[in-house]
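Student: Got a structure for you, written out below as structure tokens; questions coming shortly.
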Amino acid sequence: MSTEQHATRRREDYRVPEYLVEEIRLTFQLYAESTVVTADTVYAVNQQSTDCTGRLQLSGENMELVEVRLDGRRLEADEFEVSAMDLILVPGKDRFELQVVTRIDPVANTALEGLYCSNGNYCTQCEPEGFRRITYFPDRPDVLARFTTRIEGDRQTCPVLLSNGNLIESGELGNGRHYAVWQDPFPKPCYLFALVAGRLVAIDDTFTTRSGRDIALRIFVEARNRDLCDHAMRSLKKAMQWDEDVYGLEYDLDVFMIVAVDDFNMGAMENKGLNIFNSRCVLASPQSATDQDFLGIEGVVAHEYFHNWTGNRVTCRDWFQLSLKEGLTVFRDQEFSSDMNSRAVQRIDDVQLIRNFQFREDSGPMAHPVRPDAYVEINNFYTVTVYNKGAEVIRMMHTLLGAADFRKGMDLYFARHDGQAVTCDDFVAAMADASGVDLGQFKRWYSQAGTPVVKVSGQWLAEKRRYVLRLRQSCPATPGQDGKEPFHIPIAVGLLDSRGRDMLNGDRDGTRVLELREREQSFSFPDIGEKPVLSFLRGFSAPVKVELDQSREELAFLLAHDTDLFNRWYAASKLSEIVVMETVARLQANAQPVLDSDFVAAVRANLQRPASDKALLALALQLPAETYLAQQMDTVDPVNLHRGREFVRSQLSSLLADEFRRIYDDNNEEGEYRITPEAMGRRSLKNVALAYLMARVPTDEEIYALCCGQYAEAGNMTDAIAALSCVTRIEGRRRQEILHHFYTRWQADPLVLDKWFTLQAVSPLADTLAEVTRLLANPSFSMKNPNKVRALIGAFCSGNHYRFHDVSGAGYAFLTDRIIELNATNPQIAARMLSPLTVWKRYDPVRQDLIRRQLERILAVDNLSGDVYEIARKSLQAG
Ligand code: B3K
Ligand code: ZN
């Protein structure tokens with residue numbers, strides 16, 4: 001397909017809309033393959049607009065236009081222009097009502113944007129540009145309208161008919177059909193519109209707001225899932241309470257609804273008053289969900305709920321401002337989860353995501369600023385940069401302003417912009433105005449892509465009793481941005497004395513926040529009477545890479561003593577990184593690998609120390625992921641990387657077998673299953689110990705039996721999956737038996753089967769690709785279901801670095817075949833799957849060549865979607 005069809009949109013081209021919408025009344029006559037949508041819309045010229053073309057341009061895609069009426073008069077074919085992407089007419093008046101009738105086919109809609117069917121139920125996904133697949137409309141977030149929605153459907157197959165707002169009418173239509181009318185009093189952009197119809201049951205609860213209003217809470221699921229909603233409901237109520245307590249924000253409608261559907265492109269969607277969720281982010285029981293699933297559900301339910309204020313009441317002016325709502329809402333859900341669970345564990349998880357994925361994105365061909373300047377397909381910009389780096393940007397403002405002034409900034413933001421569509425500049429202005437802090441330079445975080453590097457050197461001047469810290473910042477070039485201006489970076493530091501006590505009395509318990517603004521800057525600390533150990537970037541106070549020469553002794557000291565729990569983990573992770581990379585280097589030089597005995601001693605000491613926080617110990621014991629370590633190599637060598645990491649794992653396993661066994665036994669008591677931070681921490685420590693015990697080469701028979709016993713007796717999914725995951729890494733008959741057992745036990749539960757697919761896809765065994773290929777034909781697998789695609793194909797290609805990058809190139813060809821297939825059915829998912837191929841320049845010439853050829857094969861496909869085109873094209877251009 002030619003480049004013109006994939007036009008680039010630019011932030012600088014923004015124009016205010018020429019027409020605004022006062023109200024829209026929608027009528028849906030639902031039929032599986034031929035749904036008729038009548039949209040009656042009142043338009044008025046926007047007084048703010050300086051454009052006076054007189055043309056009304058409405059977006060529309062993938063539907064049949066039945067008729068158009070202007071103030072009741074049916075327009076002739078020559079009175080409007082209709083193309084594959086829009087409908088244009090000249091209304092000739094400043095205020096008018098337009099009726100547009102369209103016909104759509106929800107069953108054929110495999111892209112899962114607009115109105116589609118999932119398991120026989122109707123649902124919608126309109127963000128960012130799905131509403132244009134329902135009717136012709138100004139599908140942009142700065143056109144806010146009051147919506148009234150009438151749904152007509154079959155009573156038998158669609159007893160439940162839902163849309164945004166409040167139910168104002170319902171009744172019978174004859175012929176076995178019925179209707180419901182919903183009205184949303186809050187003006188909203190069309191991306192927040194939602195409709196759900198189907199055979200669903202509701203789980204009900206209520207929440208009383210602090211001003212005393214009773215809100216009806218309802219979670220809709222298929223009847224078979226009725227018992228799996230308690231955790232989601234509890235999470236919702238906690239989120240509602242938290243938003244009142246921390247931000248003073250109350251819910252605004254009388255009812256809040258969540259619907260779970262199986263086929264969904266992402267996690268969930270914050271439609272006003274009617275959130276639609278991937279069932280993966282709602283359904284849970286101890287038997288079928290892991291601790292991570294429970295935490296994930298709590299976080300996503302909260303995230304979507306928090307959008308009601310940050311996203312819905314105050315929305316984005318245009319899609320370049322996506323981080324306005326996403327970065328802020330991710331920050332809010334992270335803080336919520338920190339308050340509900342362990343703050344340090346939450347921070348480590350969030351930072352791992354940044355380091356493993358966002359840093360990688362920032363160093364590849366798709367690198368873009370938190371507020372991008374241009375895109376071909378906006379769906380490609382729902383990224384870890386916009387979401388998670390965006391959240392780090394908000395977090396840095398929180399650090400610079402302090403909690404109290406940050407809250408003042410939020411209050412001012414809502415006071416100024418409630419009911420408006422605004423920009424990231426508006427948000428920062430509210431923060432700056434409320435606090436008096438100058439955030440001018442800080443705003444570069446929104447406009448400059450790439451991960452800044454901070455080079456650190458510290459010196460203790462004994463005779464002056466002074467410690468001096470020299471910092472130098474730089475940022476590598478990214479596509480379209482060669483030179484970068486210095487960032488305003490909050491750097492939290494501590495200095496520890498030889499007994500591990502904080503020497504600074506900073507604003508936060510021995511922590512001082514330095515503000516690095518220049519390319520080079522020195523900071524001086526008086527009254528430092530002994531040589532301190534530097535604890536740098538506490539809590540990961542900025543999303544930067546740190547270059548700091550710290551000896552193993554210093555890292556081991558920090559691991560044992562740092563008062564900042566995050567930095568204890570960081571020291572552990574840095575220490576393991578050094579040791580694994582050393583092993584990899586020896587393997588590359590064909591030298592015999594040896595494990596550093598000081599490292600073993602540090603790990604042993606860590607295991608012997610009384611663990612106050614078991615979850616933290618479990619995290620500190622885990623070696624960095626191969627995808628993270630790969631980023632530390634000049635030329636990635638997947639084979640030696642894997643072997644080196646496995647060598648360290650198996651050595652630790654045999655050298656510390658007794659310690660791991662003791663930890664396992666001490667933490668194996670499983671009474672009634674609880675999802676408290678303590679219980680989760682205990683399970684994760686026990687299961688990390690099990691994984692180490694099972695990493696011994698050759699496998700210890702007694703341990704193998706222990707592991708199989710844990711699988712057979714597990715009363716919860718966390719323990720079952722942990723054991724199964726160890727077993728799937730070891731070849732043999734028992735592996736097949738136990739996998740078969742799991743499949744048979746859970747055949748009827750698609751979410752649990754996703755785990756089964758993933759475990760096989762991430763196995764390091766040699767025939768994994770052959771197994772993954774066979775699994776494509778498993779009756780429980782479907783290319784139409786995004787969860788299955790992610791669980792099997794995504795897990796192999798993004799989660800199995802070693803086998804995916806096999807030098808035969810078979811993994812690359814496999815992925816390319818799948819992408820080409822998905823391009824025709826679900827372009828959004830196809831484009832997501834491309835990500836492991838984008839970083840091809842980081843590999844050796846042989847692999848580079850193999851990947852490049854696959855990218856070229858993708859670009860040669862007829863009818864290539866804009867989604868896939870943009871990523872494949874940018875990846876190749878980087879070459
Ligand atoms: N806002 C939605 C994401 C929509 C993605 C469209 N490709 C979910 C969320 O971030 O809350
Ligand atoms: Zn969001």
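The values are calculated or read from the model by the stated rules, or taken from the named source; none is laboratory data. In this text, all values refer to a predicted model and were calculated from it rather than measured experimentally. Cβ sites come from the backbone with ideal geometry, for glycine too, and all protein chains shown count toward neighbours. Side chains included, ligands, DNA and RNA excluded: accessible areas come from the protein's heavy atoms. Shrake-Rupley method; radii C 1.70, N 1.55, O 1.52, S 1.80 Å.
Student: Would you confirm, using the coordinates I've provided, whether GLU23 is touching a residue at least 40 places away in the same chain (Cβ under 8 Å) and open to solvent by 40 Å² or more (accessible area, probe 1.4 Å)?
Tutor: Taking the combined requirement at face value, the residue satisfies it.
Student: Considering only the stretch 700-714, I want to know if a residue exists there that is open to solvent by 20 Å² or more (accessible area, probe 1.4 Å), modelled with pLDDT of 95 or more and not in a helix (DSSP H, G or I).
Tutor: Checked against the condition, which is being open to solvent by 20 Å² or more (accessible area, probe 1.4 Å), modelled with pLDDT of 95 or more and not in a helix (DSSP H, G or I), the stretch 700-714 yields at least one hit.
Student: Follow-up. Test ILE721 against the stated conditions and say whether it is in contact with a Pro (Cβ under 9 Å, 6 or more places away or on another chain), among the β-branched types (Val, Ile, Thr) and within 26 Å of SER338 (Cβ to Cβ).
Tutor: The answer is no for ILE721.
Student: Here's something else I'd like to know. Among the small types (Gly, Ala, Ser), open to solvent by 20 Å² or more (accessible area, probe 1.4 Å), touching an Asp or Glu at 6+ places or on another chain (Cβ under 8 Å) and in a strand (DSSP E or B) - does that describe any residue in the stretch 178-198?
Tutor: Within the stretch 178-198 (the criterion being among the small types (Gly, Ala, Ser), open to solvent by 20 Å² or more (accessible area, probe 1.4 Å), touching an Asp or Glu at 6+ places or on another chain (Cβ under 8 Å) and in a strand (DSSP E or B)), the answer is no, since none of the residues qualifies.
Student: Turning to a different aspect of this structure: Report yes if ASN312 is over 24 Å from TRP746 (Cβ atoms), of a type outside the set (Lys, Arg) and surrounded by fewer than 24 Cβ atoms within 10 Å (Cβ to Cβ), otherwise no. Spell out how you get there, then give the answer.
Tutor: Working: over 24 Å from TRP746 (Cβ atoms): yes; of a type outside the set (Lys, Arg): yes; surrounded by fewer than 24 Cβ atoms within 10 Å (Cβ to Cβ): yes.
Taking the combined requirement at face value, the residue satisfies it.
Student: Being under 33 Å from the mean Cα position of the chain (by Cα) and part of a helix (DSSP H, G or I) is true for just one of VAL600, VAL579. Which residue is that?
Tutor: VAL579
Student: Are there any pairs with C-beta distances below 9 angstrom linking a residue in the stretch 381-404 that is under 17 Å from VAL246 (Cα atoms) and within 16 Å of ligand 2 (Cβ to nearest atom) to a residue that is at pLDDT below 95 and part of a helix (DSSP H, G or I), with the two at least 6 apart or on different chains, and if so which?
Tutor: So the pair list comes out empty.
Student: Is one or more of the residues making up the stretch 798-815 among the basic types (Lys, Arg), part of a helix (DSSP H, G or I) and exposed (fewer than 15 other Cβ atoms within 10 Å of the Cβ)?
Tutor: Initial filter on the stretch 798-815 (among the basic types (Lys, Arg)): 803.
Those still in the list that are part of a helix (DSSP H, G or I) too: 803.
Cutting the leftovers down to exposed (fewer than 15 other Cβ atoms within 10 Å of the Cβ) gives us none.
Scanning the stretch 798-815 turns up no residue that is among the basic types (Lys, Arg), part of a helix (DSSP H, G or I) and exposed (fewer than 15 other Cβ atoms within 10 Å of the Cβ).
Student: Mind checking whether some residue in the stretch 277-295 is aliphatic (A, V, I, L, M), assigned to a helix (DSSP H, G or I) and open to solvent by 10 Å² or more (accessible area, probe 1.4 Å)?
Tutor: Yes, the conditions are met somewhere in the stretch 277-295.
Student: Scan the stretch 724-741 and report the pairs whose first residue is over 16 Å from PHE757 (Cβ atoms) and whose second residue is assigned to a helix (DSSP H, G or I), with Cβ atoms within less than 8 Å and a gap of 6+ or a chain change.
Tutor: Final answer for the pair search is CYS726/LEU690; CYS726/ALA691; CYS726/CYS707; ILE730/TYR704; ARG734/TYR704; ARG734/CYS708; ARG734/VAL727.
Student: Report, by residue number, each residue of the stretch 308-331 that is within 11 Å of ligand 1 (Cβ to nearest atom) and charged (D, E, K, R).
Tutor: Hits for the stretch 308-331 are LYS325, GLU326.
Student: Among the residues of the stretch 512-535, count how many are closer than 17 Å to TRP569 by Cα and either open to solvent by 20 Å² or more (accessible area, probe 1.4 Å) or assigned by TED's automatic domain parsing to the domain that holds HIS398 (or both). Step through it out loud before you land on a result.
Tutor: Within the stretch 512-535, the subset closer than 17 Å to TRP569 by Cα is 533-535.
Then keep just the ones that are either open to solvent by 20 Å² or more (accessible area, probe 1.4 Å) or assigned by TED's automatic domain parsing to the domain that holds HIS398 (or both); that gives 533.
Looking only at that region, the number is 1.
Student: Can I ask one more? From (1) in the same structural domain as ILE104 (by TED's automatic domain parsing); (2) part of a loop (DSSP other than H, G, I, E, B); (3) open to solvent by 50 Å² or more (accessible area, probe 1.4 Å), pick out the condition that doesn't hold for PRO128.
Tutor: The single condition PRO128 does not satisfy is (3).
Student: Between ARG873, ARG790, ARG853, ARG847, which is closer than 29 Å to ASP749 by Cα and part of a helix (DSSP H, G or I)?
Tutor: ARG790
Student: Given the stretch 45-110, what strands (runs of 3 or more DSSP E) lie entirely inside it while holding 1 or more residues that are open to solvent by 30 Å² or more (accessible area, probe 1.4 Å)?
Tutor: 56-59, 64-70, 80-82, 95-104
Student: Here's another thing I want to ask about it. Determine whether the stretch 541-555 contains at least one residue that is part of a strand (DSSP E or B), closer than 23 Å to ALA367 by Cα and open to solvent by 50 Å² or more (accessible area, probe 1.4 Å).
Tutor: yes
Student: Inspect the stretch 314-328 for any residue being assigned to a loop (DSSP other than H, G, I, E, B) and either within 16 Å of ligand 2 (Cβ to nearest atom) or without any contact (Cβ under 8 Å) to a residue 24 or more places away in the chain (or both) and give the result as yes or no.
Tutor: No; the residues of the stretch 314-328 include none that is assigned to a loop (DSSP other than H, G, I, E, B) and either within 16 Å of ligand 2 (Cβ to nearest atom) or without any contact (Cβ under 8 Å) to a residue 24 or more places away in the chain (or both).
Residue-wise test of (1) open to solvent by less than 60 Å² (accessible area, probe 1.4 Å); (2) at pLDDT 95 or above; (3) touching a His at 6+ places or on another chain (Cβ under 7 Å).
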| site | (1), (2), (3) |
| --- | --- |
| ARG609 | no, no, no |
| ASP613 | yes, no, no |
| GLN632 | no, yes, no |
| VAL648 | yes, yes, no |
| ASP658 | no, yes, no |
| ARG682 | yes, yes, no |
| LYS686 | yes, yes, no |
| ARG696 | no, yes, no |
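Student: Now a separate question. Could you tell me which of the residues ASP154, ASP142 is open to solvent by 10 Å² or more (accessible area, probe 1.4 Å) and either more than 28 Å from LEU324 (Cβ to Cβ) or within 16 Å of ligand 2 (Cβ to nearest atom) (or both)?
Tutor: Values: ASP142 fails: either more than 28 Å from LEU324 (Cβ to Cβ) or within 16 Å of ligand 2 (Cβ to nearest atom) (or both).
Selected residue: ASP154, the only one of ASP154, ASP142 that is open to solvent by 10 Å² or more (accessible area, probe 1.4 Å) and either more than 28 Å from LEU324 (Cβ to Cβ) or within 16 Å of ligand 2 (Cβ to nearest atom) (or both).
Student: With the condition being within 16 Å of ligand 1 (Cβ to nearest atom), I'd like the helices (runs of 4 or more DSSP H) fully within the stretch 353-434 carrying at least 3 qualifying residues. So that I can check it myself, show each step before the final result.
Tutor: Values: elements: 359-362, 390-401, 403-417.
Answer list for the stretch 353-434: 390-401.
Student: Still on this structure, I have one more. Please go through the stretch 414-436 and pick out each residue that is more than 26 Å from GLU250 (Cβ to Cβ) and buried (at least 17 other Cβ atoms within 10 Å of the Cβ).
Tutor: ALA432
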